[in-house]
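S.K.: Questions regarding the structure given below will be posed in turn.
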Amino acid sequence: MLRGKNIIIGICGGIAAYKTPLLVRLLKKRGANVRVALTEGGSRFVSELALATVSEEPVYRSIFPPTHTEGTDFTGHISLGEWADALIIAPATANTLAKLGAGLCDDMLTACFITLRPGKPVLIFPAMDGQMFLSPSVQRNIKTLATQGCRLISPESGELASGQSGLGRMPEPESILGYLEEELFSTTQRSPLYDKSVVVTAGPTREKIDGVRFISNYSSGKMGFAIARAAAKRGARVTLITGPVHLETPFGVERLDVESAAEMHSAARRFFNSSNIFVGAAAVSDYRPLAPYEGKMKKDEQEIVVTLIKNPDILAEFSLQKAPGQLAIGFALETETGLDNARKKLLEKKLDLIAFNFFDRKTSGFEVDTNILTLVGSDGVTTELPQLTKDDAAGKLLDAIEILCRSNGNNTQKK
Ligand code: CTP
């Protein structure tokens, strides 16, 4: 399975680095192409010559190439990450974890971490003294990296270099190889969403009444962001068009920030032809003030009338003109028992799937971290999901979208 795969091993300054030439050998024996990115600290524990000999490649150290050598690759700090099918960092020290978490980029290891293509597995094996490993700062960096999609493998317990015994040992090279095979195997069992272009709208929109006031709603964007995150994890190329929210951009997702429905509409239209799957998770304002007041309205009048006009229905516009193979997925947020309304929206907008959710602000709908979705397909099949975190609910929705892709003969057009 590893034959022909391009693997980078990033080696940091921990005693377990002395085992890494064996890891390189194991990978080479299985037919992988291996390149090593060695940190300054790593070079104190394992020789560059040993690693170059077993990998049959020069070892990568500095991002600054020599300028007087013939054939120098001046952009090697980019091409190394682009070359890789997977990155293993073993052992990973507290220092390198902090650099990776913060996005620092001062040697080849940290550079190739940043330039690695989205969706490529990153396996990180922290190895250090047990107290260091459990320290709040190391744990915080581990959490940050895990939320970016890296797989962090906990160190093993046993004898440590300090003479004490406890948590902190790097797993043996054979078991690191096992983790890599498992990770690559799971990505070769590719989701039908892999390399598909998925556009997700999320969050509320704001419709200006005057220069300082707007009409909006309680949408937090959490559901749309969870869908974008889950789709990127399955290897999709995700564009997230979001109204004003306070959320971090999911790893590997391209984000476009907009404010009004009109802005969301024109941002989304750019993707109508090229997207394979369009998910309308935004709570788009249905109406906007016809003539927003320039500047700030004064409270001179007892009563004012704001005339509202209808906004374009972004999802419906995409769906009604979609090409064969493109999929349109919507949400229906209802305050009354609204499954019938959801079915009506599915039919009227010619959607492939609609996720009905009830708005109670406790267990589902706007702002909260959980959702209770009922998925209704265009074939009428209805699936009631239990109360789930929005990440898990997004996973279930994507499972249903994957089924649609497969029944499309997996030919949801790749543009
Ligand atoms: N939607 C959209 N553009 C709009 C309104 C809605 O793209 N101007 C999308 C939403 O993102 C959602 C679906 O259409 O996926 C349904 O939105 P919802 O607000 O539940 O229903 P509406 O179609 O707006 O109808 P109503 O407000 O009458 O319930």
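S.K.: Assuming R0 = 25 Å, what is the FRET efficiency of Tyr287 and Ala323, from their Cβ-Cβ distance, to the nearest 0.05?
M.R.: On the way: r = 30 Å, r/R0 = 1.20.
For R0 = 25 Å, the calculated efficiency reads 0.25.
S.K.: Could you pull out the chymotrypsin sites (Phe, Trp or Tyr not before Pro) across segment 1-104 that fall in loop regions by DSSP (anything but H, G, I, E, B) with no more than 12 other Cβ atoms inside 10 Å? If you can, show how the numbers build up before the last one.
M.R.: Numbers: sites: Tyr18, Phe45, Tyr60, Phe74, Trp83; in loops: Phe45, Phe74.
Here the sparse-neighbourhood loop sites are Phe74.
S.K.: First measure r as the distance between the Cβ atoms of Arg25 and Asp369, then evaluate 1/(1 + (r/R0)^6) with R0 = 60 Å and state the FRET efficiency to the nearest 0.05.
M.R.: Details: r = 46 Å, r/R0 = 0.77.
It comes out at approximately 0.80.
S.K.: May I have the extent of the alpha carbons of segment 6-188 along their three principal axes, as whole Å values ordered from largest to smallest?
M.R.: That works out to 49, 35, 31 Å along the principal axes.
S.K.: With +1 on each Lys and Arg Cβ and -1 on each Asp and Glu Cβ, and nothing else charged, work out how big the dipole of the chain is about its Cα centre, in Debye to the nearest 20. Show your work: numbers first, answer last.
M.R.: Working: 48 positive and 47 negative charges, 118 e Å.
Taking the Cα centre of the chain as origin, the dipole is about 560 debye.
S.K.: What residue among Gly119, Ala16, Ile78 has its Cα farthest toward the positive end of the dipole of segment 6-188, where the charges are +1 on Lys, Arg and -1 on Asp, Glu, each on the Cβ?
M.R.: Value computed over the given set: Gly119.
S.K.: If you put +1 on each Lys and Arg Cβ and -1 on each Asp and Glu Cβ, how big is the dipole of segment 78-177 around its Cα centre, in Debye rounded to 20? Walk me through the numbers before you get to the answer.
M.R.: Values: 7 positive and 9 negative charges, 83 e Å.
Taking the Cα centre of segment 78-177 as origin, the dipole is about 400 debye.
S.K.: If I model a spin label as a point 7 Å beyond the Cα along the Cα-Cβ vector, how far apart are those points for Arg343 and Thr383 in nm?
M.R.: Computed distance between label sites Arg343 and Thr383 equals 1.9 nm.
S.K.: Here's something else I'd like to know. Between Ala161 and Asn273, what is the label-point separation in nm under the 7 Å Cα-to-beta-carbon projection?
M.R.: About 5.8 nm separates the two model spin labels.
S.K.: Here's another thing I want to ask about it. Tell me which lysines have Cα within less than 19 Å of Lys29's Cα, excluding those fewer than 8 residues away on the same chain?
M.R.: Lys29 reaches Lys5, Lys19.
S.K.: Can you give the Kirkwood hydrodynamic radius of the chain from its Cα pairs, in Å with one decimal?
M.R.: Values: mean 1/r = 0.0418 Å⁻¹.
Mean inverse Cα-Cα distance, inverted, gives 23.9 Å.
S.K.: With a 10 Å cut-off between alpha carbons and a GNM built on the chain, which of Ala291, Ala262, Ala94 moves the most?
M.R.: Comparing Ala291, Ala262, Ala94 in the GNM, the peak value goes to Ala291.
S.K.: Could I ask something else about it? Just the projected area, averaged over all directions, of the convex hull on the alpha carbon atoms of segment 71-175: how many nm²?
M.R.: Numbers: hull surface 30.1 nm².
Averaging across all directions leaves 7.5 nm² for the Cα convex hull.
S.K.: Further, regarding this structure: Which listed residue (Pro204, Thr69, Ile89) has the Cα farthest towards the positive end of the charge dipole for the chain, taking +1 on Lys and Arg C-beta and -1 on Asp and Glu C-beta about the Cα centre?
M.R.: Positive-most Cα among the choices belongs to Thr69.
S.K.: Another question about this same structure. Counting DSSP beta bridges with both partners in the chain, what percentage is antiparallel, nearest 5? Could the numbers behind the result be given before it?
M.R.: On the way: 20 of 63 bridges.
Percentage antiparallel, nearest 5: 30.
S.K.: Only four residue types carry charge here, +1 at the Cβ of Lys and Arg and -1 at the Cβ of Asp and Glu. Report the dipole size of segment 6-188 about the Cα centre in Debye, rounded to the nearest 20. All intermediate terms of the calculation are to be shown ahead of the outcome.
M.R.: Values: 15 positive and 18 negative charges, 54 e Å.
In debye, rounded to 20, segment 6-188 gives about 260.
S.K.: Putting +1 on Lys and Arg Cβ atoms and -1 on Asp and Glu Cβ atoms, find which of Leu375, Ser154, Leu333 reaches farthest to the positive end of the dipole of the chain.
M.R.: With unit charges placed on the Cβ atoms, the residue in question is Leu375.
S.K.: Give me the base-10 log of I(q)/I(0) for segment 119-248 at each q in 0.10, 0.12, 0.17, 0.22 Å⁻¹, Debye formula, one uniform scatterer per Cα, rounded to two decimals.
M.R.: Once normalised to I(0) and log-transformed, intensities are -0.53, -0.68, -0.97, -1.21.
S.K.: Relative contact order for segment 154-236 using alpha-carbon pairs under 8 Å, separation at least 6, rounded to a whole percent? Intermediate results must be reported in sequence, preceding the final value.
M.R.: Values: 74 pairs, mean separation 19.5, N = 83.
Relative CO of segment 154-236 lands at 23 percent.
S.K.: Measuring from centroid to centroid over Cα atoms, what is the spacing of segment 1-30 and segment 107-179 in Å?
M.R.: Rounded to whole Å, the Cα centres lie 15 Å apart.
S.K.: Continuing with the same structure: So which trypsin sites (Lys or Arg not before Pro) in segment 111-190 are both in a DSSP loop and have at most 15 other Cβ atoms within 10 Å of their Cβ?
M.R.: Numbers: sites: Arg140, Lys143, Arg151, Arg169, Arg190; in loops: Arg190.
Taking segment 111-190 and a limit of 15 other Cβ atoms within 10 Å, the loop trypsin sites (Lys or Arg not before Pro) found are Arg190.
S.K.: Which of the GluC sites (Glu not before Pro) across segment 7-108 are loop residues per DSSP, with 14 or fewer other Cβ within 10 Å?
M.R.: Here the GluC sites (Glu not before Pro) that fit, given the DSSP loop and packing criteria, are Glu40, Glu56, Glu70.
S.K.: Tell me, how many Å apart are the Cα centres for segment 32-48 and for segment 49-96?
M.R.: A separation of 8 Å, based on Cα centres.
S.K.: Now for a separate question. Given N residues in segment 342-411, what is its alpha carbon radius of gyration divided by 2.2 N^0.38 Å? It would help to have the intermediate numbers written out before the result.
M.R.: Numbers: Rg = 12.6 Å, N = 70, 2.2 N^0.38 = 11.1 Å.
Against the empirical 2.2 N^0.38 Å value, I get 1.14 for segment 342-411.
S.K.: Taking only complete DSSP H runs, can you tell me which helices of the chain stretch 18 Å or more along their own long axis by Cα positions and average at least -0.5 on the Kyte-Doolittle scale? Let's see the in-between values first.
M.R.: Numbers: long enough: 173-188 (22 Å, -0.10); 390-407 (26 Å, 0.04).
Correct list, ordered by number: 173-188, 390-407.
S.K.: Okay, next question. Which one, Gly224, Gly365, Gly31, has the greatest fluctuation when you compute a Gaussian network model over the chain with C-alpha springs under 10 angstrom?
M.R.: Among Gly224, Gly365, Gly31, the largest mean-square fluctuation in the Gaussian network model of the chain belongs to Gly31.
S.K.: Shifting gears a bit: Rounded, prolate or oblate: which fits segment 146-210, taking a ≥ b ≥ c as square roots of the Cα gyration tensor eigenvalues, rounded meaning a/c under 1.5, else prolate when a/b beats b/c?
M.R.: Numbers: a/c = 7.76, a/b = 1.94, b/c = 4.00.
Judged from the Cα gyration tensor, segment 146-210 comes out oblate (a/c at least 1.5, b/c at or above a/b).
Rule-based calculations on the coordinates, nothing more; no lab input. Computed from a predicted model, the values in this text were never measured in an experiment. When we count neighbours, we look across all protein chains shown, and the Cβ atoms used for this are built from the backbone with ideal geometry, even at glycine.
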